[in-house]
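Structure first, commentary second.
The values are calculated or read from the model by the stated rules, or taken from the named source; none is laboratory data. None of these values were measured; they are calculated from a predicted model. So basically every Cβ, Gly included, is an ideal-geometry build from the backbone, and we count neighbours across all protein chains shown. Only protein heavy atoms, including side chains, enter the accessible area calculation; ligands, DNA and RNA are left aside. Shrake-Rupley method; radii C 1.70, N 1.55, O 1.52, S 1.80 Å.
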Amino acid sequence: MDCINAKYVSQKISKTRWRPVSASSLQQPELLATGSWDNEDNKVSIWSVGENGGHDSTDENVSGVCCTLQTLSVLHTWEGAHHYQCARAPCTAVVCSSPELVSVGEDGRVVLYKADQSRIVRTIENADSSTIHAVTFLRTAEVLTVNSIGQLKLWDLRQGNEPAQILTLTGDRVPLHCVDKHPNQQHIVATGGQDGMLCIWDVRQGSVPFSLMEAHSAEMWEVHFHPSNPDHLFTCSEDGSLLHWETSSGSDTPSFLQGRNSSMMSRSATAPAGGNQSLISAWLSGDSSKGRLETTHMLPSQTLSVNSLDVLGQCLVCGTDGEAVYIHRRVLV
């Protein structure tokens, strides 16, 4: 854990993201953004990380520039995009696939924008009767949303105002808080929710997850596949932990569809009618000769809630309720 460093920023962190670097570049990311919460005046901050990635309070290689949104050159403001009948509603998540942006909120709306236009392109007014917690682009014109009653909905933005597909957790309707897609196989999706379970879905097969794994002891706030090496996945939680999930395989079958040998496997989803039984069996079989799933705790000790994470190349960043940003510059992926 010697390569993990902390920067104490005197604010609880709600979100953190690396500034993207060119996929063809060998350069490591050097700038990251954080957003605060639980203050009267919350702010977005831009941080520059030195070559050594040091993040203790005395390291001169770390500099922070705290910016208001105005300082970050706002191009457009879409006022009241999310609202109740007589009041504004919180926007809970935003995703970008340039130039398109999609936001979701507590009002159950899905709103489509374009970064170069000041008007709202489209609003799906009654997308959900409950809070939508997260959204991700599946393909250019398709987005996935997760809500507070355990549903994952697929929206084709070229079609009408009804979801193209609804997938649901079996049993109790546990709220889902986060979602991410496999970067190379868009039909494979990971979600996490209030019960701390990690769910892997194949949106082509049926309406229930392929696999559910005990990951955290409290709410899972974010899940991310590594963008260039999706055999690695990362999750963070209210329980103060940040987990690195790694799969490896000795077969030609994509490793995220391999069997698992993990003490974290808790229960199996029922194979959907008409599904590919051999594929489902491989994912759930736990055949250690085909593949394995390993987890690593990424923080030196458990802290207060880890609310957000981002990974790019070998660089991992997370933000916590302990008013600290942790950076790992040598993640083994």
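Of the residues in region 177-192, how many are open to solvent by less than 10 Å² (accessible area, probe 1.4 Å) and of a type in the set (S, T, N, Q)?
Matching residues across region 177-192 total 1.
Is there any pair with a first residue in region 11-36 that is within 16 Å of residue 183 (Cβ to Cβ) and open to solvent by less than 50 Å² (accessible area, probe 1.4 Å) and a second that is β-branched (Val, Ile, Thr) and part of a strand (DSSP E or B) whose Cβ atoms are under 9 Å apart and which are 6 or more apart or on different chains, and what are they?
18/311; 18/317
Quick one: what pairs do we get from region 296-307, first residue within 14 Å of residue 217 (Cα to Cα), second assigned to a strand (DSSP E or B) and open to solvent by 20 Å² or more (accessible area, probe 1.4 Å), C-beta under 8 Å, 6+ apart or different chains?
Final answer for the pair search is 305/221; 306/221.
Scan (1) within 17 Å of the chain's Cα centre (by Cα); (2) at pLDDT 90 or above for the single condition residue 328 breaks and write down its number.
So residue 328 meets the others, but not (1).
I'm trying to understand the selection: among the residues of region 152-176, which are part of a strand (DSSP E or B) and open to solvent by 30 Å² or more (accessible area, probe 1.4 Å)?
165, 166, 168
Please list, ordered by first then second residue, the pairs with beta carbon atoms under 6 Å, 6 or more apart or interchain, first in region 193-216 and open to solvent by 30 Å² or more (accessible area, probe 1.4 Å), second of a type outside the set (Val, Ile, Thr) and in a strand (DSSP E or B).
As it stands, the answer is 207/167; 214/266, since those pairs meet every condition given.
For residues that are assigned to a strand (DSSP E or B) and open to solvent by less than 20 Å² (accessible area, probe 1.4 Å), scanning just region 94-131, find the one that is farthest from residue 35 (Cα to Cα).
So the residue we want is 124.
Where residues in region 77-93 are open to solvent by 50 Å² or more (accessible area, probe 1.4 Å), touching a strand residue (DSSP E or B) at 6+ places or on another chain (Cβ under 8 Å) and part of a loop (DSSP other than H, G, I, E, B), which of them is nearest to residue 139 (Cα to Cα)?
78
Does residue 189 satisfy the criteria of being under 15 Å from residue 94 (Cα atoms), of a type outside the set (D, E, K, R) and within 20 Å of the chain's Cα centre (by Cα)?
Numbers: under 15 Å from residue 94 (Cα atoms): no; of a type outside the set (D, E, K, R): yes; within 20 Å of the chain's Cα centre (by Cα): yes.
Considered against the rule, which asks whether it is under 15 Å from residue 94 (Cα atoms), of a type outside the set (D, E, K, R) and within 20 Å of the chain's Cα centre (by Cα), residue 189 comes out as no.
Whether any residue in region 284-304 is modelled with pLDDT of 50 or more, of a type in the set (Val, Ile, Thr), surrounded by fewer than 21 Cβ atoms within 10 Å (Cβ to Cβ) and part of a loop (DSSP other than H, G, I, E, B) is what I want to check.
Within region 284-304, one or more residues are modelled with pLDDT of 50 or more, of a type in the set (Val, Ile, Thr), surrounded by fewer than 21 Cβ atoms within 10 Å (Cβ to Cβ) and part of a loop (DSSP other than H, G, I, E, B).
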